[in-house]
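Novice: Below are the structure tokens for one structure; questions will follow.
The values are calculated or read from the model by the stated rules, or taken from the named source; none is laboratory data. Model, not experiment: these values are computed from the prediction. Because the Cβ atoms are built from the backbone with ideal geometry, glycine has one as well, and the counts that use them run over all protein chains shown. Just so you know, the surface numbers come from the protein's heavy atoms only, side chains and all, with ligands and any DNA or RNA stripped out. Shrake-Rupley method; radii C 1.70, N 1.55, O 1.52, S 1.80 Å.
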Amino acid sequence: ESTQNFIRLLRNAYAHAINARLISLMDTAAGGATTIGAITTDPAAPRIFNSVELAAVDYRERYAMSADAVLEVVMPRWVRSVIRADLAYKTGIDSPEMYAVADGVIDSFFAVRGVRVQWVNDYQVRSVAFGQSSAATVWPATVNFLLYAAGTFLHGTGLQLDLGVIRDSVLNAENDFSALWAEECHLISMVGHAARKYTVAFQVNGASGGGTTARV
């Protein structure tokens, strides 16, 4: 049972490693990040919503796409929590719903802006933001996101080799065996017009934007 549990954990870790690698290939193909929005102290929710819409409008106009063309956005899944936390800080709004904004509601805020967000794991975690060796004590102040038209990336798979249990006469003498051995190949190809990567800065504070400062 201990061996089987270890194998299950190993397969799960392997899946995370592959997922991180595929996202990293997309992230690299998108090139350097462009900082979007000039006010870094703006509250997280409106800053993220408006930055994504600004990026989407610019992308559609660059490639003469339909105004209602839905674009793909890739963001770390923890951004939902950032948005929810920021909305919970809003003052002057006496509504219990603000303290428990459902994931579907957050998704709808993006959908009305003509984007479909893929909330992914293994992106901007462990080495930055969440999941580092020390416990997180403050919300992040920046996040990167990818934006592109559907079909821009292709995921190709090649060799998949899983030998499973391997025994031989030498190993059997010691009651040892290889319980798991696998190998696979992947390809991420960018075949569409372009993928763009943006960095957006924010503060989780629920503040309201000033009426005299230019914002996006």
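Novice: For segment 19-32, indicate whether the set of residues that are closer than 19 Å to TYR123 by Cα, among the hydroxyl-bearing types (Ser, Thr, Tyr) and open to solvent by 50 Å² or more (accessible area, probe 1.4 Å) is non-empty.
Specialist: Yes; the residues of segment 19-32 include at least one that is closer than 19 Å to TYR123 by Cα, among the hydroxyl-bearing types (Ser, Thr, Tyr) and open to solvent by 50 Å² or more (accessible area, probe 1.4 Å).
Novice: Report yes if some residue within segment 123-132 is open to solvent by less than 50 Å² (accessible area, probe 1.4 Å), closer than 25 Å to MET26 by Cβ, touching a residue at least 60 places away in the same chain (Cβ under 8 Å) and within 15 Å of the chain's Cα centre (by Cα); otherwise report no.
Specialist: Among the residues of segment 123-132, at least one is open to solvent by less than 50 Å² (accessible area, probe 1.4 Å), closer than 25 Å to MET26 by Cβ, touching a residue at least 60 places away in the same chain (Cβ under 8 Å) and within 15 Å of the chain's Cα centre (by Cα), which makes the answer yes.
Novice: Another question about this same structure. May I ask you to list the residues in segment 168-203 that are farther than 16 Å from GLY31 by Cα, charged (D, E, K, R) and surrounded by 12 or more Cβ atoms within 10 Å (Cβ to Cβ)?
Specialist: Scanning segment 168-203 gives a single hit, GLU184.
Novice: Related question: Checking ILE106 against (1) without any contact (Cβ under 8 Å) to a residue 60 or more places away in the chain; (2) in a helix (DSSP H, G or I); (3) under 20 Å from the mean Cα position of the chain (by Cα); (4) surrounded by fewer than 18 Cβ atoms within 10 Å (Cβ to Cβ): exactly one of these is not met. Which one?
Specialist: Here ILE106 meets the rest and fails (4).
Novice: Enumerate the pairs (first residue in segment 178-189 and touching a residue at least 40 places away in the same chain (Cβ under 8 Å); second residue anywhere and open to solvent by 50 Å² or more (accessible area, probe 1.4 Å) and of a type in the set (Lys, Arg)) with beta-carbon separation below 8 Å, excluding pairs fewer than 6 apart on the same chain, so at least 6 apart or on different chains.
Specialist: LEU180/ARG11; HIS186/ARG21
Novice: Determine whether segment 78-92 contains at least one residue that is under 23 Å from ALA150 (Cβ atoms) and surrounded by 11 or more Cβ atoms within 10 Å (Cβ to Cβ).
Specialist: Scanning segment 78-92 turns up at least one residue that is under 23 Å from ALA150 (Cβ atoms) and surrounded by 11 or more Cβ atoms within 10 Å (Cβ to Cβ).
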